[in-house]
1. Give the residues of the stretch A:48-64 that are surrounded by 15 or more Cβ atoms within 10 Å (Cβ to Cβ), more than 14 Å from every other protein chain (Cβ to nearest Cβ) and at pLDDT below 95, sorted by residue number.
2. Residues to consider are B:22, B:69; find the one that is in contact (Cβ under 8 Å) with a residue 24 or more places away in the chain, under 10 Å from the mean Cα position of the chain (by Cα) and more than 24 Å from residue A:92 (Cα to Cα).
3. How about the stretch B:64-103: which of its residues are within 14 Å of chain A (Cβ to nearest Cβ) and either surrounded by 14 or more Cβ atoms within 10 Å (Cβ to Cβ) or of a type in the set (Asp, Glu) (or both)?
4. Within the stretch A:1-21, track down each residue that is buried (at least 18 other Cβ atoms within 10 Å of the Cβ), within 12 Å of chain B (Cβ to nearest Cβ) and in contact with a Phe, Trp or Tyr (Cβ under 7 Å, 6 or more places away or on another chain).
5. Is there any pair with a first residue in the stretch A:22-47 that is facing chain B (nearest Cβ under 10 Å) and a second that is of a type in the set (Val, Ile, Thr) whose Cβ atoms are under 7 Å apart and which are 6 or more apart or on different chains, and what are they?
6. (1) within 14 Å of chain B (Cβ to nearest Cβ); (2) under 17 Å from residue A:92 (Cα atoms): which one isn't true of residue A:67, the others all being true?
7. Within the stretch B:72-93, track down each residue that is polar (S, T, N, Q) and within 10 Å of the chain's Cα centre (by Cα).
8. Here are some conditions: (1) of a type outside the set (Ser, Thr, Tyr); (2) assigned to a loop (DSSP other than H, G, I, E, B); (3) away from chain B (no Cβ under 11 Å); (4) without any contact (Cβ under 8 Å) to a residue 40 or more places away in the chain. Residue A:78 meets all but one. Which one does it not meet?
Amino acid sequence: QKEVEQDPGPLSVPEGAIVSLNCTYSNSAFQYFMWYRQYSRKGPELLMYTYSSGNKEDGRFTAQVDKSSKYISLFIRDSQPSDSATYLCAMKRAGTALIFGKGTTLSVSS
Amino acid sequence: EPEVTQTPSHQVTQMGQEVILRCVPISNHLYFYWYRQILGQKVEFLVSFYNNEISEKSEIFDDQFSVERPDGSNFTLKIRSTKLEDSAMYFCASSVVLNRREELFFGEGSRLTVL
């Protein structure tokens, strides 16, 4: 079983839709959970950072962590064409390297 | 806003040649990383560097790879004898830990093409 699993998509939605992106993981020692956004041929950019189970909201973005199910989600409300990118989940234990999921490619059409 | 800068943006090399990829991390950061992303695949960890030594490396980071911080600003990744399968985007990242939170900032990447 892979450490971090993420459905690569692609996912296509109309402008204004709510988007749900998900990752599962197998290592219960992961403590820190992140979502990165990556535009084509660019470096990953941090969107959300959480370290506890529950929800964290930042503008149109909500990150959700369920440690008991080893499942994390990113919700995007009122999606915009500028949200079109690849979204990478990432997680780590303290003092170790960040491990990425494969990324989900999102396309928001106007 | 401070950023991680990488050079070159694209390098084409012949198989067997040595390549050095350069990174200038954010100035007050203490942890440095190299990741790579083969086209269509996930971002993979290569190596982390702290206090002038490797703190962690993946199985990808074999004897063909080395890292160095030759001065106070640069962080380099050297591939001694490139193989076709080394073709990828290489990302440098740097971080600082504040209140148990470590945020990695990534550069724009260096695309390596091995022919």
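1. Once the filter is applied, which keeps residues that are surrounded by 15 or more Cβ atoms within 10 Å (Cβ to Cβ), more than 14 Å from every other protein chain (Cβ to nearest Cβ) and at pLDDT below 95, the stretch A:48-64 yields nothing.
2. Only one candidate qualifies: B:22.
3. Once the filter is applied, which keeps residues that are within 14 Å of chain A (Cβ to nearest Cβ) and either surrounded by 14 or more Cβ atoms within 10 Å (Cβ to Cβ) or of a type in the set (Asp, Glu) (or both), the stretch B:64-103 yields B:67, B:88, B:89, B:90, B:91, B:92, B:93, B:94, B:95, B:96, B:102, B:103.
4. The answer is A:4, and nothing else.
5. These pairs meet every condition: A:38/A:86; A:44/B:43.
6. So the condition that residue A:67 fails would be (1).
7. B:76
8. Residue A:78 satisfies every listed condition except (4).
The values are calculated or read from the model by the stated rules, or taken from the named source; none is laboratory data. Being a predicted model, the structure only gives us computed values, none of them experimental. Quick reminder, even Gly has a Cβ in these numbers, built from the backbone with ideal geometry, and neighbours come from all protein chains shown.
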